[in-house]
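A short worksheet on the structure shown next.
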Amino acid sequence: MEKKGIIQAQDLCKRFGEVQAVDHLSFSVGEGEIFGFLGPNGAGKTTTIRVLVGLLKPDFGSALVNGYDVLKEPVKAKESVGVVPESSNLYGELSAIENLIYMAQLYDVPKKDWEARGEDLLREFNLFDRRNGKFQGFSRGMKRRLTIAAALVHRPRILFLDEPTTGLDVMSARGLRGVVKNLKKKGVTIFLTTHLIQEAEDLCDRVAIIVKGKIRVIDTPEALKESVKETEVLEVRPKPISQALAGKMEALPGVDKAILVEDKLRLFGKSLHGSVLQILNQLRTEGADILSIQTLTPTLEDAFVKLTGVDAEVMRVDKPIKMGGPG
Amino acid sequence: MGKGLRQAYYIARKDLKAYYLKPPLISWGLMLPIVFILAFYLRNPQGISEISPGLVGMTMLFSTTSMAAIVISFEKRIDALDRLLMAPIQIRTVLFGKGLGAAVFGFVMALIALVFMVFLFGLSFSHPFSLLVSLILSCFAFGFLGILISVGVKEIFEAMTLSNFFRLPMVFLCGVFYPILSMPLVLQVVGFCLPLTYSVDALRQSLLSEGGVIHRWLDILILAGFCLVLFEVSLAVFRKRTQESN
């Protein structure tokens, strides 16, 4: 899928105090690709975007965006980039068309094109009827759509989308995913972050799974699923349950990974069926009663869990979002 | 117009359009100077021209720093300032645009105060050109001072409180109500470190044709120096602050 590195990151590091937000990240995004950064909140996804768009200087490493070094030529790099931040942060006091015209002014779009481009985008994003409505009076979905439209007014080659559907209802989120797919058809390269596994699977040509600032794996969603195809998943509900118990299960032959999911223990392994008796015996030895036991079919979520050890429930928690205009 | 100046102009124009009716701006940037001017006029109508330079200087100080506090802290609060930093614009252009919007607001407020005094109190201008230059430079100096104060805080009330920590002492230390040379030496030293002193001194000479503490063009030169220093310091602080948090 990767054709040519229109975004290239090499060994990027960024630390805030004691927290290593981004830890030696290296990746390349091909032109026209939808590349997803998938990880839980606090994994370093937004920090990576902020480094790539020139908002933060990395402590170490380098990044090229559209061929320009974001440290040495930040203004040149930004010219070809549109950014949709996680918060819909347009100006509440301005109308939809005024916001788009202001963006056109900031991105040095020729004056004769300001209004026409703004109106075209409002039509494309089904907001033309509200062209003179103030941004602060828009619904959350409308605000999100206008924020994406604002990032496109200078016709960028690359679009960064930070958690594009966070906080949206199902229909608005579906609509926005359609918008992203249409942009890809127009040749726009898209770098998106998400904590939603299904969203990554639906949209992305390739996915980088990032946890605690480090990339665990980069591959297509299909290949990631394939990686767990041969994996058997066994879910046991022991009582009592503890992290120590999971550790002991993981040490058993045939068990590759054991994680806690609420009050259950989920075990992964290529030939778990041969180890079931051993697992049950070990649980009894540890003094646990077995309340239930079942086998599961592996999903992308399981691939994620197996690769990262992160509880999939953690991924379903939205960050608090900031919306609306100032004041 | 160069690209940078054009972008700074758009930033300033948007700020003026979006924020001029914000309540903190009306209370601190508009109401407070009006109350001061009326209070002094009602107390001593004949003596109003004597303190008119101080009142104009104070009007500019409060209105410009209030506007600067709003254009920075409101936008920081909802991450809208990031939007400017993600655009292909130099950071110094962004800050200059923010300062320009604040300075224009302060300049308009100063003009309103002057017109008010000319028509109601019969004030006249002795040196209109130096008056204009000192008004412009004062507004920029106060605008960049307001930005410097605001870049470190996130909420508008914090910005206003911190601004008052600087503004209110300046009203008493910079010759607004009392001649600076009649203050104790220690306070004079502090007063000479503050831009409002030079603003009021230049305005006094330009409006009343009185002798100043130093020549009015030297006042103007020092104000220009304040503009440069405050701009560069606020730029350095702003750059540092944007790197500190995720």
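Inside 10 Å of the C-beta atoms of A:51-63, what's the mean count of C-beta atoms belonging to other chains? Intermediate results must be reported in sequence, preceding the final value.
Details: counts 0, 0, 4, 5, 6, 6, 3, 0, 1, 0, 0, 0, 0.
Mean number of neighbouring Cβ atoms from other chains: 2.
What Kirkwood Rh does the range B:77-139 have if only Cα atoms enter the pairwise 1/r average? Answer in Å.
Values: mean 1/r = 0.0712 Å⁻¹.
Across the range B:77-139, the inverse of the average 1/r is 14.1 Å.
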inquiry  = Let me check the size of chain B from its C-alpha atoms; what are the radius of gyration and Dmax in Å?
reply    = 17.6, 57
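Residues with beta-carbon under 11 Å from that of A:Ala288, excluding A:Ala288: net charge, scoring Lys, Arg +1 and Asp, Glu -1?
Working: positive: A:Arg237, A:Lys239, A:Lys248, A:Arg284; negative: A:Glu286, A:Asp289.
Spelling it out: positives minus negatives among the neighbours equals +2.
What Kirkwood hydrodynamic radius do you get for the range B:45-175 when you take the inverse of the mean 1/r over all pairs of distinct Cα atoms, in Å?
Working: mean 1/r = 0.0643 Å⁻¹.
Mean inverse Cα-Cα distance, inverted, gives 15.5 Å.
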request  = Pairs to check: A:Lys143/A:Lys186; A:Lys78/B:Lys98; A:Lys78/A:Lys143; A:Lys14/A:Lys181. Give those whose C-alpha atoms are more than 27 Å from each other in this structure.
outcome  = A:Lys14/A:Lys181
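Largest first and in whole Å, give the semi-axes of chain A's equivalent ellipsoid, each being the square root of 5 times a Cα gyration tensor eigenvalue. Mind showing how you got there, number by number?
On the way: eigenvalues 366, 90, 58 Å².
Its equivalent ellipsoid spans semi-axes of 43, 21, 17 Å.
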key: Förster radius 51 Å - calculated FRET efficiency between B:Arg43 and B:Lys3 (Cβ-Cβ, nearest 0.05)   = 0.50
FRET efficiency for A:Phe128 and B:Val35, using Cβ-Cβ distance with R0 set to 35 Å, rounded to 0.05 = 0.15
ask   = How far is it, in nm, from the label point at A:Asp69 to the one at B:Leu221 when both lie 7 Å from their Cα along the line to the Cβ?
value = 4.2 nm
inquiry  = Quick check: convex hull over the Cα atoms of the protein assembly as shown, volume per residue in Å³, rounded to an integer?
reply    = 184 Å³
key: Whole-Hz couplings from phi, Karplus 6.51/-1.76/1.60, listed for the range A:98-107; x for Gly and Pro   = 5, 4, 5, 5, 4, 5, 4, 5, 5, 8
task = Provide the three semi-axes, in whole Å and in decreasing order, of the ellipsoid equivalent to the range B:99-204 as defined by the square roots of 5 times the Cα gyration tensor eigenvalues.
result = 24, 20, 12
key: Extension reserve of the A:Lys57-A:Asn281 stretch, reckoned as 0.36 nm per residue once the Cα distance is removed   = 75.3 nm
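Provide the FRET efficiency to the nearest 0.05 for the A:Arg155-A:Asp256 pair, computing r from the beta carbons and using R0 = 45 Å. Numbers along the way, then the final one.
On the way: r = 47 Å, r/R0 = 1.05.
Working from the Cβ atoms, E equals 0.40.
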remark   = Whole-Hz Karplus couplings 3J(HN,Hα) for the range B:166-181, θ = phi - 60° and coefficients 6.51, -1.76, 1.60, Gly and Pro as x, run 9, 5, 5, x, 4, 4, 8, 9, 10, x, 5, 10, 10, x, 4, 6
Order of B:Met58, A:Met171 - criterion: other Cβ atoms within 10 Å of each residue's Cβ, fewest first = A:Met171, B:Met58
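Nearest 500 deg cm²/dmol is fine: what mean residue ellipticity at 222 nm does chain B get from its DSSP H runs of n ≥ 4 alone, each adding -39,500 (n - 2.57), divided by its residue count?
Dividing the helical sum by the residues of chain B leaves -26000 deg cm²/dmol.
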ask   = To the nearest 500 deg cm²/dmol, what mean residue ellipticity at 222 nm is calculated for chain A from DSSP H runs of n ≥ 4 alone, each contributing -39,500 (n - 2.57), summed and divided by the residues?
value = -9500 deg cm²/dmol
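Each reported figure results from applying straightforward, stated rules to the coordinates on display, with no laboratory input. Keep in mind it's a predicted model, so treat the numbers as computed, not measured. When we count neighbours, we look across all protein chains shown, and the Cβ atoms used for this are built from the backbone with ideal geometry, even at glycine.
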